[in-house]
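The values are calculated or read from the model by the stated rules, or taken from the named source; none is laboratory data. Owing to the predicted nature of the structure, the values given are computational and were not obtained by experimental measurement. Here Cβ is always computed from backbone atoms with ideal geometry, including for glycine, and neighbour counts include all displayed protein chains. Heads up: the accessible areas ignore ligands, DNA and RNA and are worked out on the full protein's heavy atoms, side chains in. Shrake-Rupley method; radii C 1.70, N 1.55, O 1.52, S 1.80 Å.
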Amino acid sequence: MNPNFQRKIKRAVLLSKALQAEKELLISFPPSYDEQQKYPVLFLHDGDDYFYMGRIVTQANALIHQQELKPFLLIGIPVKKKQRDREYSPFGDRHQQHLQFLAEELWPYVQHQIPAADLSSEQTIVGGSSLGGTISLHFALTYPNLCKRLLLQSCAFLGPTITQIKKAPTLKHLHIYQLVGRNETAVPTSMGALNFLAQNRTAYQLLTEKQAKVHYVEAKGDHTWRLWQQDLPQALHHFFHL
């Protein structure tokens, strides 16, 4: 591949006051990056998994090189596995602190350190898989001025998540790409076996009733990176197509 079409990946560390911990970031700049331009931004929870198991950088590079996607910045937000449920689940004791970290620390950091990042709510997408999708949705519900676009792969729609959707007067500002695997009917989790397929079907109905714009996809597959990796080109096309 032409070197001009390869992404530069930068690692950064934020000392989060909200979480009282260091938070690593993986920042991937688009091919032929020009800091004088403005680029849409995709934030992904479980960022290291998306970079390495989802192969999102390689897939995005190829699609941009083929002129199928417009260039965009990609910011992965890794999480320590022992902290994942505590930060991503609405039942977690660090859930609110993680939302605060995103809004009050990560967003200002990107704004100041990467001036080319377009952080307007129409050009910012937040996403993740499973509980990574859950925390992304809660962020959009809590901070609608910062995020209106969501990439949700096999999102866990737990009780508090459904309650927050129901409480919203309207969600017509939300634009969501929602994927679930048709085999995700008994997924082992720390909360027991969950039927993600049924959860997602229920949530899709509720979201559309609240007037959210949802592109809903049911695909062959189960709760694994194989499904999410294969789905990424379609998801990226949805938000960044030329």
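Tabulated values for the structure
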| quantity | calculated |
| --- | --- |
| For Thr189, residues with placed amide H under 5 Å, excluding near neighbours | Leu194 |
| Computed magnitude of the charge dipole of the chain (debye, nearest 20; Cβ of K, R +1, Cβ of D, E -1) | 220 |
| Long-range amide H partners of His215 with built H, under 5 Å | Ile176, Tyr177, Gln178 |
| Simple Cβ-charge dipole of region 20-80, Lys/Arg +1 and Asp/Glu -1, about Cα centre, in debye nearest 20 | 120 |
| Three-way shape label, region 141-184, alpha-carbon gyration tensor, a/c 1.5 | oblate |
| Extended-chain gain in nm, criterion 0.36 nm per residue less alpha-carbon gap, Lys70 and Gln37 | 10.6 nm |
| Furthest towards positive pole of dipole, Tyr216, Ile125, His45, structure part the chain, Cβ charges | Tyr216 |
| Difference of contour (0.36 nm per residue) and Cα-Cα distance, Arg55 to Glu104 | 14.7 nm |
| Accessible-area composition of region 1-115, carbon plus sulfur, in percent [1.4 Å probe] | 47 |
| Solvent-accessible area, 1.4 Å probe, carbon plus sulfur percent, for region 124-166 | 53 |
| Residue-averaged 222 nm ellipticity for the chain, from DSSP H runs of 4+ at -39500 (n - 2.57), nearest 500 | -11000 deg cm²/dmol |
| Overall form of region 35-119 per C-alpha gyration tensor (a/c, 1.5; a/b vs b/c) | oblate |
| Accessible area of region 173-240 belonging to carbon and sulfur atoms, whole % at 1.4 Å probe | 50 |
| Whole-number accessible area per residue in Å² for region 80-167, which is evaluated in the context of all protein chains at 1.4 Å | 38 |
